Amino acid sequence: MTSNQPNADAGLIRSIGTFALAASIVNITIGGGIFRLPADMAATLGATAPIAYVLCAIAMGLIVLCLAEAGSRVALSGGPYAYIEVAFGPFIGFLSGFILWMVLTFAMAAVATVLMANLGALVPALSSRLASSIAIVAIYAIFAAVNIMGVERGARVNTILTVAKILPLLLLIVGGMFAIDAANLTVTNPPSMGTLARSSILLIFAFAGIEAALVPGGEVRDPARTVPRAILLAMIAVTLLYAGLQFVAQGVLGPALATSKSSPLADAAGVAIGGWARQLLLAGAVISMLGHVGAMILAVPRTLFAFARDGFLPPALARTHPVHRSPVVAILVQCTLVLVLALTSTFERLAVLANLSILVVYGLCCIATWQLRRRDVRAGGTPFKVPMPGVVIVLACAMIAWMLSSVTRAEWLAFGIALAVGAGIFVMRRVQKPST
């Protein structure tokens, strides 16, 4: 039996193509983390870190195969929230969407805070708390205005910023190859399985971004073809870039990479190419985070739109612009909330939930893919199908379970509290519905 989704997103314009969606995935994935991640990986994994990127990319590949099929079958805004809701109903769908939205919101605030610090380092006039706060508010206002004017404009800006952020990183890979010391890449003490599991969570989170970029599913052209192609294109690009950067930084700096916490890639560029390259990488970090801001403002507010569309939040959040048909209220609310978090830094204690929450959502998406295929849910056209679904889905879930084995009791407790909050919102909304 074929199950088609209703036209709940009929007010939105489908204008996001394969390259624009792939650029959005790359833009969100390559945020501020890559400019520090090589030092963290070198500290825990040493010279084996470049290999770990490839291994984690394989694990992530199993997960994104499931996301690709789910995304080709469900063409509603909300991304994984919509996939899980269609597969398992509104309660499980809402809880997964709530956790995903929370993680993405705190990620946006975290990047905004780091962006403020980097702006101050590059432009001394913006180094004070007041000046950097005004700058970040202005940046968010500009990106919000661009996205309110239409998803097509927002996607175009994201594509430009994606190219701009990748060029300095490619310069480091190409130029750094000539300064690599082979001795720095010698593996002496392979990491234990426990260390590898804990590091894998961090690496999987570094690859995260697909779940956010797929949120505007109601605005993607021909999702049955566009979603899997964009995911494949983005995953290949990100894996090659990450592994290449770790390889070059490790080869150039050696043991010093583990202690270069503030700007490992910029330090590697300075040693390999020169002082001007170090400044270019510092500027690239700011461009990268600006790209992350733009991509997240394009994607994350659509989760609020999807919640309101499905009756879990006030209907005003599902209101679209009368001309540009963008979810204007959701964009403004999301940007305001992120700015409050970034300017007050109250989000830091909840940041520990990010890794755990992302993996749980990924696991639910993998199981949802099986359910969507069993029910033959279609968004229109022939959906992408995971090859050997029994093997791929089981392996993906097994990899997720292995990584979750390193989560601490305190992290599980915090995650349980977040689930309870989400469940409370769902129950209250259901109770209020009959009287509305």
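Principal axes first, then extents: for the Cα atoms of the range 278-423, list largest minus smallest coordinate on each axis, whole Å, largest first.
45, 42, 40 Å, listed from the longest principal axis down.
Please list the non-local residues whose amide H lies under 5 Å from the amide H of Val377, H modeled 1.01 Å from N, same-chain partners needing a gap of 5 or more.
Here Ser3 satisfy the definition.
Between Val271 and Thr344, what FRET efficiency comes out of the Förster formula 1/(1 + (r/R0)^6) with R0 = 35 Å and r the beta carbon distance, rounded to 0.05?
The computed FRET efficiency comes out at 0.40.
Pull out the extension gain between Ala179 and Ala138, defined as 0.36 nm times the separation in residues minus the alpha carbon to alpha carbon distance; nm, one decimal.
Using 0.36 nm per residue and subtracting the Cα-Cα distance, I get 10.7 nm.
If I model a spin label at Ala121 and Thr186 as a point 7 Å from the Cα along the Cα→Cβ vector, what separation in nanometres do I get?
Going by the 7 Å Cα→Cβ label model, 3.2 nm.
In nm, what is the difference between 0.36 nm times the number of residues separating Met193 and Thr408 and their Cα-Cα distance?
Net length gain for the segment: 75.8 nm.
Show me the ranking of peptides 105-111, 410-416 by mean Cβ neighbours inside 10 Å, starting with the highest. Provide the component values of the computation, followed by the final result.
Numbers: 105-111: 23.6, 410-416: 13.0.
Those peptides, ordered most packed to least, come out 105-111, 410-416.
Mind checking the full-extension length gain between Met388 and Phe19? Use 0.36 nm per residue of separation minus the Cα-Cα distance, one decimal, nm.
Full extension of this stretch gives 130.1 nm more.
Every number here is computed from the coordinates shown, using simple stated rules; none is lab data. All values derive from a computational prediction rather than experimental measurement. All Cβ positions, even for glycine, are placed from backbone atoms using ideal geometry, and neighbour counts span all protein chains on display.
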